[in-house]
Amino acid sequence: MLTVEGLNAWYGEAQVLRDVDLAVAEGEIVTLVGRNGAGKTTLLRCVMGLHERCTGRIGLRGDTAFGTRPAHRRARLGVGYVPDDRGIYATLSVEENLLLPPVVGPDPWSLPRVYETFPVLRERRRFAGTQLSGGEQQMLALARVLRSGARLLLCDEPTEGLSPLLVEQIGEILREIKAAGVTVLLIEQNLHFATTVADRHHLLAEGRIVESLDNGAVRAREHELLAYLGI
Amino acid sequence: GRGGPGGGGDEKVSGGKIVLAVLNDQSGVYADLSGRNSVEAVRMAVADFQAKYGDRAVTKNIEVVTADHQNKPDIANSKAQELYDRQQADVILDVPTSSAALAVANVAKAKKKLYFNIGAATTELTGKQCNKYTFHYAYDTYMLANGTGSAVTKEGGKNWYIVYPDYAFGQDMQKSFTAAITAAGGKVLAKDPTPFPNDNFSTFLLKAPAMNPRPDVLGTMQAGGDLVNLVKQYNEFKLRDKGIKLSVGLMFITDIHSLGPDAFAGTTFTDAWYWNFDDRNRQWADRFTAKTRTRPSFAHAANYSAAMQYLEAVQRAGTDAADAVVGRLEGYSYDDVFARNATVRAEDHRVVHDVYLAEVKPKSEVKTDWDYERILRTIPAAEAFRPVGTGGCAL
Amino acid sequence: MIRLFLRHTEPAGRRPLRYLLLAAGLLLALALPWLIYPPVAMDIASWALFAAALDLLLGYTGLLSFGHAAFWGTSAYAAGLIAIHSGLPFPVAVLGGALLAAALAVPIGYLCVRNSGIYFAMVTLAFAQMIYFVANQWRSLTGGENGLQGIPRELLGLDLSDPFVFYYAGLPIVLLGLWGLWRIVHSPFGHVLVAIRDNPARARAIGYPVERYKLLAFVLSAALSGLAGGLFAISHGFASLQEVNWTTSGKAVMMVVLGGIGSLWGSTLGAALVVQLEDYLSTAGFDGIGIVTGTVFVLVVLLFRQGLWGAGRQLGAAAGRARRRRPKPPAATEAAPVPTPTTREEAAWTPSPRG
Amino acid sequence: MPPPILQARGLGKQFRGFRAVHGVDLDIAADSVHALVGPNGAGKSTLFNLLTGFLRPSAGRITLAGADVTGLPPERVARLGVARSFQITTLFPQVSAREHVGLALQARTGLGWRFWRSEGRLDRFRDRALELLDDVGLADAAEVPAAALAYGRKRALELAVALALDPRVLLLDEPTAGMGAEDIDRTIALIRRVRPGRTVVLVEHNMSVVRNLADRVTVLQRGAVLVEGGYAEVRADPRVITAYLGETHADR
Amino acid sequence: MSGFLQQCFNGLVSGGFYALLALGLAVIFGMLGVVNFAHGAFFMLGAFGAYVALAEFGVPFWAALVAVPALLFLFGAVLERTLIRRLVPFDPLYNFLLTFGLTLVLQDLVKREYGVQSQPYPRPAELSGSLDLGLFDYPAYQVFVLAAAVLLCLAVWLILTRTRVGMVVRAATERPELTRALGVNVGRWVTPVFAFGVALAGLAGVLAAPMRAVNPLMGADLIIAVFAVVVIGGLGSVFGSVLAGFAIGLVQSLGNLYVPALSQTLIFIIMAGVLLWRPAGLFGREEART
Ligand SMILES: Nc1ncnc2c1ncn2[C@@H]1O[C@H](COP(=O)(O)OP(=O)(O)OP(=O)(O)O)[C@@H](O)[C@H]1O
Ligand SMILES: Nc1ncnc2c1ncn2[C@@H]1O[C@H](COP(=O)(O)OP(=O)(O)OP(=O)(O)O)[C@@H](O)[C@H]1O
Ligand SMILES: [Mg+2]
Ligand SMILES: [Mg+2]
C-alpha cells in the first residue's frame, strides 16, 4: 500500500530523517515507536506532503508519483491524517469539523455511525471545535478521517490524553477498520497498546529506522526495548 | 536668504532674476480648480509682461517655479521656506486650503517676502492674521456669502433654511450669510450644521418642506463632493417642485461640470470671474484653452492677474526689494482681465474688485462647452468685500 | 525575533560594531541639517521619534495602532497652545503636550487594549477619528481647519527663527525620546511585552496582568508620540487638522514597516525615507504621490517584511555566517509582530528561506 | 488531615446552557498530591480553568487558604501562588527555553514594571533558570526557541515554567501526555522532589502516574464528582471501572 | 409622525450602504482573516466603473449593475492570486497594510485619470419618480437601493450558513496546510470568496453612483465609518455586521436631526460604549479569558 524509500528531512540545517525505508501492506496496522524527537511526526508530515524540506520516494498503491503530488491530491487518493496536535478548527463547529474533509474512499462512515460510536460528539455538535475537551478533540480528529472513508490512516498518537476506557475503544475501532481493509500507520508511545492493535512495529531513533519487529518479537524482547526506549 | 549675489545679471533685482513660485495643490481636491494649469497661467503672465515691456523691463530674467503642497499645511510650510530661501522666490502665489494658506502667510511675514493668496477662502488672511507681505487676491467667504445672500433675498427669497458643514469654513459662511440676509430684510428660519464629510443629506432635505412657514430658499454652504451629494439628493426629493429654491455658498464651475447643469439649473451663487462674461474674458480664455485644453476657472485667471500685477509693481518700483514692491502695491488701482475696478487696499491687503451674481443655466441653454453661467448682475468692488476696519487687521 | 537577537544572546564580538553604528547614527543626526534642507531635517527628526514610539507598540507589544495621530496631534495642539498663551520655553510646551497625550491615552488605551490584532488597529483608528472630529469642531481652541497658527519658539530669549539653529535646539528632545524608547525596550518591562505579544494567555498564567502591561505600553508610546508631535508643531509654527488625520497615522505605520517592525533604529530610517520621498515628490512634477508611496509600501510588505533594517541585518548575519562557517541553530525567521501559531500554523513553522 | 488549602463549594460552569461542571465540592489538602481523573470531557480542564481564574464560575465559591478567590483574574490567582500548566501546549513560540523560565521567575518580582531599568537586571534569574531546566531535562535546550522543541520537550518546558513560579499550589493538566516513559519517570521523580511544602493537583489519564504520586484521587464524571478517595479505593470502585477505567484495563 | 418615519427610512437607506460594505468586509475577514482596507477603494471603483461605462461605452445603469461587479470580481481574483495570497501565511496585519498601500495606489490612479471632481451620473429613468409608501412619498431609487441591500444581505447570509462554502473557506483560513492535508483544494476556494467580497463592494458602488458624489475619495471617507460599524457588530460576524450597518444608519440619521453637534462623533461614541460592554462587539465571539 505505502512505500517509503530513502526519505531524508531537514529543519533548517538540522537533518531529522536519514534514509528511511518503510513499507506498509494493504490492511496492515504498523506502528512507529521511538523517543521524543526521534522524527516520527516529521515522517508522517513528509508522507502527507506537509513538510517541504524532504527528499526521497513515496509511493501509494503503485503510484510512484504520489510523493510529488500536492497535499490535497494525496488526501483525495484516500489518505487520512490525524495530526499530533489534533488539528481541530476553532472557527468550525464540531459537525463542520466532521464534514470538512471530502469523502475519499468507497466505504465512509456515515454521520449517524460516527455519532453512535462517539455520542459526546453528537451532544456537542453545535459547539466550536476547540471548545471540546482535549480528549474529545482527539476523538473528533479520528472520527473525521473515518467519516472521509480514507483507506490509509496516518495517526499521530491518537490515544494521547484519552481515558483508559476510550483507549480501549480506540483499539477496538482500529481492529474493526482493519477488518474492513483499512491500512493504518500509527505513531504510538504506548508499547503495550501498540501490541494489542498492530501487526508490525518500526523502531525509529535519531531519524533512522533501527529495527523492525513483529508482535512476538516485541513481547519477547519487551524488557530490552523498554530499556532502549525508556518505556 | 542664503542666496549670494547672482552670476552677472543686472543688480536691480535680487539674484539677478525675478522668481515667481506657484505653491498649490496639484494632486488633491483643488487640482482641477487650480493646480498645474495655474502654473501655465502664471507663465502666460510672464510672457505677456515681457512682450509688453521688452527691453524696458526691469529684468529679462524671470523664472516660474512650482511645488505641490498636497493640501498638507506642514508641507506647504516647509516648501514655502524652501522656495523663498533656496529657490530665491520673490513671491509665492495661490496656496489653497486655509490652514496651508495661513501657514504660508506666517512664512512670508518671517522671511519678508511677498505672498499673493488666491486659492483660500478664509477672511483671516485679511483679518487678525494679516501681515505686511500677504495679499488676498480673488475671493473670500464674506464676498461669497454677502453677494448671494443679499441678492437672493432682495429678489424675493425671504425665508431661508441654511445647512452648513460643521467646520470653520461652513461656520464662517453661515454667519456671513445670516448677516447678509437679515440686512436685506430676509429671515433665517433655521440653520443646521451637518457632518463633514457627509454623503446623506436626506435628513435635512426632508425637514425643509415640513417646516412652518415653508422656506423659500435652501442655502447650502457645502463644497466639493458634499455639495454634489446634497444637490443630487435635493433633486431626488424634488424640493424645487415644492417651491424651495437652491442657493449655494461656494460653487466652482468645475462643480457644475461634475453634475451637469440641469442638476443646478436656476441655482444662484457668487462668482469671482467667469470666462464667458465678455469679449475680453473670452479672448484670454481662448488663449488659455489653447495652452491647456481646458476652460479657465476663476482661480486660473486670478493667478494670471496676480502674477501680472506683481510684475507691474516691480516694474514701477524698479526693483524687486519686497518693501518697495509692497509700497507700490498698496492703494494701487487698476483694471485687468480678471480684476475689474480693482484696488489693493492698503489697510488690510484685500484686493477688491467687481464680482458677479451668477445663475446656472439649464442644459437647453448651454451653447458651448463649459458655458454654464448666466451673469445676473455685477456686484461692484466697493460692495463686494468686507468693509475696511471690521476684520481686526492691524497692519 | 529580531529583538531577541539583540539581547544577551548577542555574541560579545559584535558589541563594538553596535557602538560603531550608534556613533555613526549620532554623527549623522548632528550633521543632518548640513546635508539636507534644515526644516526637512527637523521633520525627519520628529517623525523618526514618532515612528519609533509607534514601533514600541507594533514591534514589541504586537499591537498595530492605526490611530496614533490622535496623540501626535493632541500634543501638537496642546504644545502650541501652551507656547502661545504662556510664553514658556518650547521644551516645556512640548513636554506639556506629551503629558496631555499620555493622559488621553489612558481612557482610549483602556478601551482598546482589550482587543488585539487587527481588531485593535480598527478600534484605534476609530478613536483617532473621534479626536479628529473634536479638533475640527472645537474651533475656539484649535482654529478648525484654519489650524492653530503663529506658535512661537521661545527658549531663554535665544533667536531660533533660523531652522538651522532650531534643529539643534530640538534635536536633544528627539534623542532623549529615542533613548527613552531604547531603555524601555531593553528593560525588564520590555521583555514582558515581548512575552505578552507572543502568547498572552501564557503570560497571564505566570502572573502578568496582560491588559495593564499593554496599557502602560500604550501610554508610554502615546507620550513619546506626543513629544514628537509637540516638537513638530513648534518647528512649523502651527498645528493643523492634518496632525490628527488618519493619513498621519498611516504615514507613521508606513515608516515603521518600511524601516522594519521591531527595530527602533529601522523606524528612524523609515521616517527619513518617507519624509524625503514626500519632499522630493512635491517638486518632482508627478501628480500621483499616492501611486508612488502606495507602491513602495506594497512592495515592502510583499518583499521585505523585515524592512530596511531587517534586510541589512540579515545581510550582515549572512556575511558573518559565511565567515564563521558554522551552522546556526534552526530558528523561525519571520519578524511577524503577533505570531499566533494556534491559528496560523505557518507562522511558527515556516522553514528558513535561507535553506 | 491538614486543613484544605484550596477549596471549592458548589462550583458550576455552564457554556451556553451546557453544564460542563456543576455542584462540585472539592477539598485539596495542603501538602498533598491530589489527582483528578475522569472520562474525556468530564470537566477536569474546565475545573482547572475555574480554579485558576481563566473562566468565571457560573455558580459556587473558591477559597485559597481561607481567602475567597472566586472570579479573580488569572494573573491575580497566579500571584497568590497558584501555578498551572496547560493541557494543550501554550508557550511563547519565539522565546528561548531559558527565557521562558526567566520570565516566570521575574513575574514574582515587581521587576516587570520597571521600564526605566536595564535588562541586565534579569541576569540574576539566569542560574536559577538553568537549574530548573536541568531538573526537567532541558539543560541542553536552554537557548532553543520553544517553537523548535519537539512535542514532549515542550511539555517539559511547561512544567519548568510552572515550577519557576514557586507556587504553593501547582495545577498540572496532563503533565505526562505525549511523553515517553523515560520522561514520565523523570517527571514523576521531579514532582516528588518539588512536592515538599507544596500542594499538587494533577489531571492524568496515565494510571501508573496517579498510583505513583497521588495521595487522594477525585473521579469526575459529566461535570460532577463521582467518587473520591485513596488510589486503591478508587481503583476498585465498580462505578469508576465502568465509567472510566474499563473492565479489561490492566494497570500499566 | 410620518416625518419621523421618513427620517427612519432615510437612515435605513444609508444603513443599506453600511451593511453592504460591512458585509463584504466581514465575508473577507471571516473567511480569509484579512481586513481589507481597500474595501472603500473598491466601492469607489464600482461607482467609477458605472460612470465610465455610461460615459464612454453608453452602458446603462442596469447593465452596469451586473457588468461592473463582474469586472471587479475578476480584479479581486487577480489581486488575491498575485498579492493577498502571498501574505496569508504571515500575520494578518501584513495584509491590512498591503491593502492600505493598495488604497493609495487605486485612489491616485483614478485621480490621475479623471481628476478629483465629482462625475455626473443620472438616475435610471425607470426609478426617477417617487413611490407612495402609504404614509409618505419617497424617491423610488432610494426605495430600490434599500430593497436591494436587504435582499443581498439575506442571500449572502444564507449562502454562508446553508452551504459548504463558508465552512471550507473558514477552515482554509484558519489552518491552510492542514486543510489541504484533509483533501480540500484550498486555492480553489479562497480566490472566489475574496473576489466575491470585492464584487460586493463594487455593487454597492454602482448603487451609490446615482445618488452620491462619484469621486476618487468617496470610499476613503466611508471606510472608516464602516470599520466602526464592523467593530460594533462584531468583527467576523456576518450577521452582526449587517445588523449594525442598518442600525448605525438609523441612529446617524436621527442623530443628525436631534443632536447635530454630536452627529459626527456619534458612531464612535456608540462604538466606545459597545466595546466597554462587550469587547468583542455585539455579535462577536467571546473567548475565554486568554
Ligand atoms: N519547527 C521546527 N523547527 C526546528 N526543529 C524542529 C521543528 N519541529 C521539530 N523539530 C525537531 O525535529 C526533530 C524531530 O521532531 P518530530 O516532531 O518529528 O519528533 P517526534 O518523534 O514526533 O517527537 P514526539 O514524540 O515528541 O512527538 C526534533 O528533534 C525536533 O526538535
Ligand atoms: N469554552 C467552552 N465552550 C463550550 N463548551 C466547553 C468549553 N470548554 C469546555 N467545554 C465542554 O465542557 C466539557 C468539559 O470539558 P473539559 O475540557 O473540562 O474536559 P476534561 O475533563 O478536561 O476532558 P479531557 O480529559 O478530554 O481533557 C466538555 O464536554 C467540553 O466540550
Ligand atoms: Mg510527534
Ligand atoms: Mg482536559
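The values are calculated or read from the model by the stated rules, or taken from the named source; none is laboratory data. Computed from a prediction, not measured in an experiment: that's the story for all the values here. Cβ atoms come from the backbone with ideal geometry, glycine included; neighbour counts cover every protein chain shown. Just so you know, the surface numbers come from the protein's heavy atoms only, side chains and all, with ligands and any DNA or RNA stripped out. Shrake-Rupley method; radii C 1.70, N 1.55, O 1.52, S 1.80 Å.
Let's see how each residue does on (1) without any contact (Cβ under 8 Å) to a residue 40 or more places away in the chain; (2) touching an Asp or Glu at 6+ places or on another chain (Cβ under 6 Å); (3) closer than 25 Å to residue A:40 by Cβ:
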{"position": "A:80", "(1), (2), (3)": "no, no, yes"}
{"position": "A:101", "(1), (2), (3)": "no, no, yes"}
{"position": "A:118", "(1), (2), (3)": "yes, no, no"}
{"position": "A:121", "(1), (2), (3)": "yes, no, no"}
{"position": "A:127", "(1), (2), (3)": "yes, no, no"}
{"position": "A:135", "(1), (2), (3)": "yes, no, yes"}
{"position": "A:156", "(1), (2), (3)": "no, yes, yes"}
Original post:
Can you spot a residue in the stretch C:238-259 that is open to solvent by less than 10 Å² (accessible area, probe 1.4 Å) and in contact with a strand residue (DSSP E or B) (Cβ under 6 Å, 6 or more places away or on another chain)?
Top reply: yes
Original post:
Yes or no: residue A:5 within 18 Å of the chain's Cα centre (by Cα), away from chain C (no Cβ under 14 Å) and open to solvent by 50 Å² or more (accessible area, probe 1.4 Å)?
Top reply: no
**OP:** Would you tally the residues in the stretch C:108-147 being open to solvent by 50 Å² or more (accessible area, probe 1.4 Å) and more than 14 Å from chain B (Cβ to nearest Cβ)?
**Re:** 3
**OP:** State whether one or more residues within the stretch D:188-202 are of a type in the set (A, V, I, L, M), assigned to a loop (DSSP other than H, G, I, E, B) and open to solvent by less than 60 Å² (accessible area, probe 1.4 Å).
**Re:** no
Original post:
Looking only at strands (runs of 3 or more DSSP E) that fall completely inside the stretch B:65-159, which ones have 3 or more residues that are among the β-branched types (Val, Ile, Thr)?
Top reply: none
**OP:** Name the single residue, out of those in the stretch C:79-107 being among the β-branched types (Val, Ile, Thr) and free of Cβ contacts under 8 Å to residues at least 40 places away in the same chain, that is surrounded by the most Cβ atoms within 10 Å (Cβ to Cβ).
**Re:** C:82
**OP:** List every residue pair whose Cβ atoms lie under 6 Å apart, where the two residues are 6 or more positions apart in sequence or sit on different chains, the first residue falls within the stretch D:144-167 and is within 16 Å of ligand 1 (Cβ to nearest atom) and among the small types (Gly, Ala, Ser), and the second residue, located anywhere, is part of a helix (DSSP H, G or I) and modelled with pLDDT under 80.
**Re:** D:147/C:348; D:152/D:183
Subject >> Identity of the residue in the stretch C:264-314, of a type in the set (S, T, N, Q) and within 13 Å of another protein chain (Cβ to nearest Cβ), that ends up least open to solvent (accessible area, probe 1.4 Å) >> reply: C:282
Original post:
Since residue D:132 meets every condition but one in (1) within 16 Å of ligand 3 (Cβ to nearest atom); (2) open to solvent by less than 50 Å² (accessible area, probe 1.4 Å); (3) assigned to a helix (DSSP H, G or I), which condition does it not meet?
Top reply: (1)
Original post:
Is it true that residue C:60 is surrounded by fewer than 24 Cβ atoms within 10 Å (Cβ to Cβ) and among the aromatic types (Phe, Trp, Tyr)?
Top reply: no
**OP:** May I ask you to list the residues in the stretch B:29-50 that are of a type in the set (S, T, N, Q), in a helix (DSSP H, G or I) and either open to solvent by less than 30 Å² (accessible area, probe 1.4 Å) or within 12 Å of another protein chain (Cβ to nearest Cβ) (or both)?
**Re:** B:37, B:38
Original post:
Can you tell which of A:45, A:86 is within 16 Å of ligand 4 (Cβ to nearest atom), within 14 Å of chain C (Cβ to nearest Cβ), closer than 22 Å to residue A:138 by Cα and free of Cβ contacts under 8 Å to residues at least 60 places away in the same chain?
Top reply: A:86
Original post:
Of the residues A:53, A:74, which single one is more than 16 Å from ligand 2 (Cβ to nearest atom) and open to solvent by 40 Å² or more (accessible area, probe 1.4 Å)?
Top reply: A:53
Original post:
Do you know which residues across the stretch B:51-109 are small (Gly, Ala, Ser), more than 9 Å from chain C (Cβ to nearest Cβ) and either without any contact (Cβ under 8 Å) to a residue 24 or more places away in the chain or open to solvent by 10 Å² or more (accessible area, probe 1.4 Å) (or both)?
Top reply: B:51, B:54, B:57
**OP:** For residues that are farther than 11 Å from residue D:97 by Cα and either away from chain A (no Cβ under 14 Å) or open to solvent by 10 Å² or more (accessible area, probe 1.4 Å) (or both), scanning just the stretch D:144-158, find the one that is farthest from ligand 3 (Cβ to nearest atom).
**Re:** D:150
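For (1) small (Gly, Ala, Ser); (2) within 11 Å of residue A:82 (Cα to Cα); (3) surrounded by 23 or more Cβ atoms within 10 Å (Cβ to Cβ); (4) away from ligand 1 (no atom under 16 Å from the Cβ), each residue gets a yes or a no:
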site	(1), (2), (3), (4)
A:131	no, no, no, yes
A:138	no, yes, yes, no
A:145	no, yes, yes, yes
A:149	yes, no, no, yes
A:153	no, yes, yes, yes
A:161	yes, no, yes, no
A:168	no, no, no, yes
**OP:** Go through the residues of the stretch B:318-336 one by one and say whether even a single one is open to solvent by less than 10 Å² (accessible area, probe 1.4 Å), free of Cβ contacts under 8 Å to residues at least 40 places away in the same chain and in contact with a helix residue (DSSP H, G or I) (Cβ under 9 Å, 6 or more places away or on another chain).
**Re:** no
**OP:** Go over the candidates D:169, D:194, D:161 one by one and state the one that is at pLDDT below 80, more than 16 Å from ligand 2 (Cβ to nearest atom) and either within 22 Å of residue D:99 (Cα to Cα) or away from every other protein chain (no Cβ under 11 Å) (or both).
**Re:** D:194
Subject >> Any chance residue A:175 is buried (at least 23 other Cβ atoms within 10 Å of the Cβ) and among the basic types (Lys, Arg) >> reply: no
Original post:
For the stretch E:191-290, which helices (runs of 4 or more DSSP H) that fit wholly inside it have 3 or more residues that are buried (at least 24 other Cβ atoms within 10 Å of the Cβ) and of a type in the set (Gly, Ala, Ser)?
Top reply: E:218-233, E:238-258
Subject >> Number of positions in the stretch E:55-89 that are open to solvent by 50 Å² or more (accessible area, probe 1.4 Å) and of a type outside the set (Gly, Ala, Ser) >> reply: 14
**OP:** Give the number of residues within the stretch A:103-127 that are open to solvent by less than 20 Å² (accessible area, probe 1.4 Å) and either modelled with pLDDT under 90 or not hydroxyl-bearing (Ser, Thr, Tyr) (or both).
**Re:** 6
Original post:
What are the residues in the stretch B:215-226 that are in contact with a helix residue (DSSP H, G or I) (Cβ under 8 Å, 6 or more places away or on another chain), modelled with pLDDT of 85 or more and either over 30 Å from residue B:275 (Cβ atoms) or within 9 Å of chain E (Cβ to nearest Cβ) (or both), if any?
Top reply: B:215
Original post:
Counting only residues that are small (Gly, Ala, Ser) and crowded, with 22+ Cβ neighbours inside 10 Å, which one in the stretch D:12-64 is farthest from ligand 4 (Cβ to nearest atom)?
Top reply: D:53
